[in-house]
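First up is the structure itself, then whatever we jot down about it.
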Amino acid sequence: MKKLEDYVVSIKDFPEEGIIFRDVTSVLQDPDGLKLAIDSIMEELKGVDFDVVIGPESRGFIFGVPVAYNLNKAFVPVRKKGKLPRETVEMEYDLEYGSATIELHKDAIKPGQKVVIIDDLIATGGTIEAIVKLVEQLGGEVVRIAFLMELEGLEGRKKLAGYDVVSVIKYEGK
């Protein structure tokens, strides 16, 4: 039986020399890889008491929705600024070059709700740090943050210190 890592295609020197790009689309394109990815994330949530799954666009949707569906939980999308139709809360965060703003509906998280955040990859941790702040601003509690892959060399966990962070696959480099 193949391991999840066997489904991830690694591309050397993309987008620039010295970087190894971990392509999650190769996991999605294989039925067994996709099933293993979703099942592996769900395994990381065993025993966790939570109400809501949150996922940032777009790959957080891909992995978060089937997990929420399988566990009979609500799913809340986090979108780029200007994409949600109702009243929102927003958070700006820094990127490697510049900044970005994410939003979620103001009524998406109720005070006291326990939240799991799911995404495909943790790199620098900036996006998820911003999501955590939004959840807490709305009165929610982040009880676990789950990633399919982690680039340990970028030290994204440092921005999420104090939170329960898990990754299915860990890569040492960047």
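The values are calculated or read from the model by the stated rules, or taken from the named source; none is laboratory data. The structure presented is a predicted model; accordingly, all values stated were derived computationally and were not measured. Cβ sites come from the backbone with ideal geometry, for glycine too, and all protein chains shown count toward neighbours. Heads up: the accessible areas ignore ligands, DNA and RNA and are worked out on the full protein's heavy atoms, side chains in. Shrake-Rupley method; radii C 1.70, N 1.55, O 1.52, S 1.80 Å.
Filtering the stretch 127-158 to residues that are open to solvent by 40 Å² or more (accessible area, probe 1.4 Å), under 25 Å from R22 (Cα atoms) and over 14 Å from the mean Cα position of the chain (by Cα) leaves E152, L154, E155, K158.
Find the residue count for the stretch 73-95, including only residues that are open to solvent by 80 Å² or more (accessible area, probe 1.4 Å) and either closer than 20 Å to V142 by Cβ or touching a helix residue (DSSP H, G or I) at 6+ places or on another chain (Cβ under 9 Å) (or both).
Result for the stretch 73-95: 4.
Pairing each residue of the stretch 87-115 that is of a type in the set (F, W, Y) with any residue that is surrounded by fewer than 13 Cβ atoms within 10 Å (Cβ to Cβ), provided the two are 6+ apart or on different chains, yields C-beta distances under 7 Å for Y93/S99. Restricting the first member to the stretch 136-162 and to residues that are without any contact (Cβ under 8 Å) to a residue 24 or more places away in the chain, and the second to residues that are assigned to a strand (DSSP E or B) and surrounded by fewer than 17 Cβ atoms within 10 Å (Cβ to Cβ), the beta-carbon pairs closer than 8 Å and six or more apart or on different chains are E152/K170. Kindly check whether there is at least one residue in the stretch 46-69 that is over 30 Å from M1 (Cα atoms), out of contact with any helix residue (DSSP H, G or I) (no Cβ under 7 Å at 6 or more places or on another chain), open to solvent by 60 Å² or more (accessible area, probe 1.4 Å) and in a loop (DSSP other than H, G, I, E, B). So far as the stretch 46-69 goes, yes, one or more of its residues are over 30 Å from M1 (Cα atoms), out of contact with any helix residue (DSSP H, G or I) (no Cβ under 7 Å at 6 or more places or on another chain), open to solvent by 60 Å² or more (accessible area, probe 1.4 Å) and in a loop (DSSP other than H, G, I, E, B). Residues of the stretch 32-45 being open to solvent by 30 Å² or more (accessible area, probe 1.4 Å) and over 14 Å from D6 (Cβ atoms), which ones? Answer for the stretch 32-45, where residues must be open to solvent by 30 Å² or more (accessible area, probe 1.4 Å) and over 14 Å from D6 (Cβ atoms): D39, M42, E43, E44. Across the stretch 105-119, the qualifying residues are those that are crowded, with 23+ Cβ neighbours inside 10 Å and part of a strand (DSSP E or B), and the one among them that is farthest from the chain's Cα centre (by Cα) is V115. Counting only residues that are under 29 Å from V27 (Cα atoms) and either aromatic (F, W, Y) or outside any helix (DSSP H, G or I) (or both), the stretch 120-161 holds 18 of them. In the stretch 30-75, what residues are under 13 Å from the mean Cα position of the chain (by Cα) and under 19 Å from E129 (Cα atoms)? Answer for the stretch 30-75, where residues must be under 13 Å from the mean Cα position of the chain (by Cα) and under 19 Å from E129 (Cα atoms): V53, I54, G55, P56, E57, S58, R59, G60, F61, F63, G64, F75.
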